[in-house]
Structure formats: C-alpha cells, structure tokens
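So the structure is just underneath, and the comments pick up after that.
The values are calculated or read from the model by the stated rules, or taken from the named source; none is laboratory data. In this text the structure is predicted, and so the values were computed from the model without any measurement. Here the Cβ positions follow ideal geometry from the backbone for every residue, glycine too, while neighbour counts run over all protein chains shown.
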Amino acid sequence: MARFRNPVPEAVEALRIELAGGPRAELIPEVQLLADLLGGRAERLRPKEEPERELLAAFPDAAAVIGKDGRVRVANVPADALAAGGRAAGMTVLELTRSAELADAVQRALEGTARKLELQLPGAHRTFVAHLTPLLRGEVLVLLRDVTQSREAERARRDLVANASHELRTPVTAIHGAAETLLGGALGDPDQARRFVEMIARHADRLARLTRDLLDLSRIESGQWAMNVAPLDAVPLAVNALELYAAAAAERRLRLERSLPARLLVRADPRALEQVLVNLLDNAIKYTPAGGAVTLSAQAEEQSAILAVSDTGQGIDRHHLPRLFERFYRADAGRARDQGGTGLGLAIVKHLAQAQGGSVGVESGAGGSRFWVRLRLAG
C-alpha cells in the first residue's frame with residue numbers, strides 16, 4: 001500500500017484552528033485535491049445498503065427490500081418493528097410476518113410478477129395492504145400499509161347505513177300502509193280513521209326522533225357539536241333534568257329520587273351534560289315497571305365526579321353489557337321499539353361524555369341497572 005507524506009503540515013494546523021472557531025484556512029491546490037480524493041474514497045467505502053436505507057426511511061409504512069434468496073436485505077424502522085427481535089434484516093418474509101400468503105406473493109414477485117393484496121398478519125389483529133414491486137436486480141420492494149383504522153371506519157359506515165335503513169323501514173311502511181287504508185275508504189269510518197291517523201302520528205314522531213338522534217350523533221362524531229368545556233356546578237343541571245321527567249314518571253307511577261350533594265363542580269359543557277342526563281333518565285323511566293323507582297345520584301370520587309342513573313327494572317343480561325353503548329344495539333329490540341326508542345340514546349351519551357374528557361359505564365343485575373358517567377372535577 002502506497003503511503004503519502006503530507007507536504008504541507010501548516011495547512012493541517014490551519015484547518016484545526018478553523019474548526020476550533022478561528023479564521024477560515026486558505027488551502028493550497030494540492031491540499032484541496034487531497035480532500036476531494038479522500039471524500040471519494042469514503043464514498044466508495046460506504047455500505048451499499050445505506051442509500052437504500054435512507055430511501056426506505058422516507059416511507060411512513062413498513063418497507064423492505066427482499067433479496068434473491070428470499071431474505072430481507074434492508075428495511076426501515078416500521079418493518080423492523082414487525083420482527084420479534086426488532087431487526088428484520090436477514091429474515092425471510094414468513095419469519096418476519098408469519099403470513100404464508102404474503103410469503104407466497106413475495107415468491108411470485110421474485111419471479112417478476114407485481115402483486116397487491118390485502119391481508120391480516122397472524123397475531124397482529126391488524127389489516128395491511130401489501131404492494132410488491134419487482135426490482136431490476138431481481139429483488140423485490142415490499143410495502144405494507146396499515147389500513148386497520150380505515151377499514152374499521154368503512155365497516156362502521158356500512159353498519160350505520162344498514163341499521164338506519166332497517167330502523168327507518170318500519171315507521172315508513174306503517175305510515176304508508178295507514179295512508180293507503182285511509183285513502184281506500186277508511187276515511188268514511190270515524191273510528192277507523194282516528195285509529196289510522198293516530199298510527200301515522202305515532203310513527204311520524206318516531207321518524208322525527210330517529211332523524212334528530214342521527215343528526216346529533218353525526219354532529220358529535222364530526223366535531224360540529226361545539227363544546228364549551230369549563231367548570232360548572234352539575235347539581236342544578238341534575239335537578240332540572242329530574243323536573244323535566246316529573247310528569248312522565250308520575251304517569252308511569254314511578255318514584256323519582258335524588259342523591260345529590262349541595263354542590264359538585266365538574267369540567268363539562270352544560271348543553272352536553274344536560275343531554276347525557278336526559279337520555280339516561282329517559283331510558284330508565286321507559287324500562288322501569290310501574291311502582292318502581294329511578295334515582296339520579298352524584299358524588300365526587302378522587303379526581304372525578306360520578307353522575308349515575310339507577311332503576312329498579314328487571315336488569316340486563318350480562319352478555320349484553322359490553323355492547324349497550326353501540327349505535328342501534330338493543331338488549332330487547334322488540335320492547336325498545338314499542339317504547340319508542342331509536343337505539344341511539346346510549347351511543348350519544350358515550351360520545352358526549354368522551355367529548356368532555358369523560359367515560360361511561362353500566363352495572364346491572366336482578367335488582368335493576370345503574371348507568372354512570374365519569375367527568376373530571378373542576379379545580
């Protein structure tokens with residue numbers, strides 16, 4: 001190996017002074033040439049994977065280059081995260097993802113066939129769209145895009161449309177049938193006419209409630225329900241909500257009871273909190289048999305406030321409890337429709353509570369049910 005002696009040690013000293021914060025060093029042409037040659041030498045010694053690694057790092061999704069031997073040659077950080085040891089390089093696609101479907105697709109891509117497929121990786125509970133692109137050197141670029149959230153959103157939209165269509169069909173059919181009967185001659189019979197007009201009014205009211213609840217839920221989920229979360233006393237709101245339902249409770253021969261402190265400061269939006277309490281009281285009154293009681297309570301608990309509505313109804317089977325706050329879910333669908341429910345009230349309660357930084361829950365047994373909302377204490 002040839003050795004070169006630096007002919008200008010003064011230039012080296014001048015560079016040291018410059019790098020230490022001194023004046024700019026003036027280099028003679030020979031020293032500048034030597035710097036350029038050393039830069040080229042460093043570039044040649046640079047690992048060939050480094051430019052590819054920098055390119056893959058620009059992808060937000062998991063990305064890797066698969067070599068001709070079927071093993072990962074270079075990968076970015078999200079792809080490394082899929083590996084049990086945190087490093088994907090050197091692993092086969094099957095070892096990395098445990099997906100035989102993806103491993104088969106990579107093999108086909110190594111043979112020159114570009115592929116795109118959607119799959120769920122075993123054990124990950126996530127959905128990915130895989131893009132496999134053959135490269136000129138006989139290798140394959142694999143991109144794995146996590147589409148779990150978008151697929152769940154699509155599924156939720158489909159379920160909402162299907163459920164809303166199902167809920168709308170019953171009142172629309174009833175109104176249409178009653179109108180046809182009236183037009184077919186029932187108008188001439190006052191008793192029949194009144195019965196069918198009452199049917200139309202009842203189902204029109206149900207349509208109005210369903211439409212209102214759908215619009216409310218849509219505004220909450222899209223952020224169009226303007227929240228003004230600030231310190232407020234929840235007790236006057238709770239008392240007002242009870243007063244709203246005094247007549248309905250008396251008509252059903254129910255006792256409306258309260259267990260409220262003199263004052264309870266929470267961080268909440270007054271309109272949203274009122275809607276939460278109204279929905280919970282409405283549910284409890286509908287499903288509590290005559291002679292029973294509905295109780296609205298509130299209390300401070302560590303850094304939170306718990307507002308709860310309890311009833312003395314028949315209770316709800318345990319297997320229904322985890323799904324009660326889902327849109328259109330009903331523990332007793334037939335009874336809920338007879339009572340005029342839309343199946344959206346508890347979903348609205350959940351979303352309003354979460355929008356205020358709170359949470360919801362339910363406990364139920366043979367002695368009745370208790371629905372609660374947890375909010376942050378103010379101050």
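Kindly establish whether ALA193 is of a type in the set (A, V, I, L, M), more than 22 Å from LEU375 (Cα to Cα) and crowded, with 17+ Cβ neighbours inside 10 Å. When the stated conditions are applied, ALA193 does not pass them.
Please state which one of LEU281, LEU254 is more than 20 Å from LEU344 (Cα to Cα), among the aliphatic types (A, V, I, L, M) and crowded, with 18+ Cβ neighbours inside 10 Å.
Exactly one residue qualifies, and that residue is LEU254.
For segment 137-157, the tally of residues that are touching a residue at least 12 places away in the same chain (Cβ under 8 Å), hydrophobic (A, V, I, L, M, F, W, C) and farther than 16 Å from ALA88 by Cβ stands at 1. Within the set ASP216, ASP159, the sole residue that is of a type outside the set (S, T, N, Q), more than 25 Å from ALA298 (Cα to Cα), within 26 Å of the chain's Cα centre (by Cα) and crowded, with 16+ Cβ neighbours inside 10 Å turns out to be ASP216. Filtered by the rule that a residue be of a type in the set (Val, Ile, Thr) and modelled with pLDDT under 85, segment 129-167 gives a lone residue, VAL161.
Take segment 114-173 and flag every residue that is outside any strand (DSSP E or B), among the basic types (Lys, Arg) and in contact with a Ser or Thr (Cβ under 9 Å, 6 or more places away or on another chain). Across segment 114-173, the qualifying residues are ARG126, ARG151.
With the requirement that a residue be outside any helix (DSSP H, G or I) and exposed (fewer than 15 other Cβ atoms within 10 Å of the Cβ), what does segment 71-89 give you?
ALA84, GLY85, GLY86, ARG87, listed by residue number.
Just one of the listed residues (ARG258, ARG267, ARG271) is assigned to a helix (DSSP H, G or I), of a type in the set (D, E, K, R), within 21 Å of ALA308 (Cβ to Cβ) and assigned by TED's automatic domain parsing to the domain that holds VAL309, namely ARG271. Residue count for segment 107-150 under the criterion of being hydrophobic (A, V, I, L, M, F, W, C) and farther than 16 Å from PRO78 by Cα: the result is 9.
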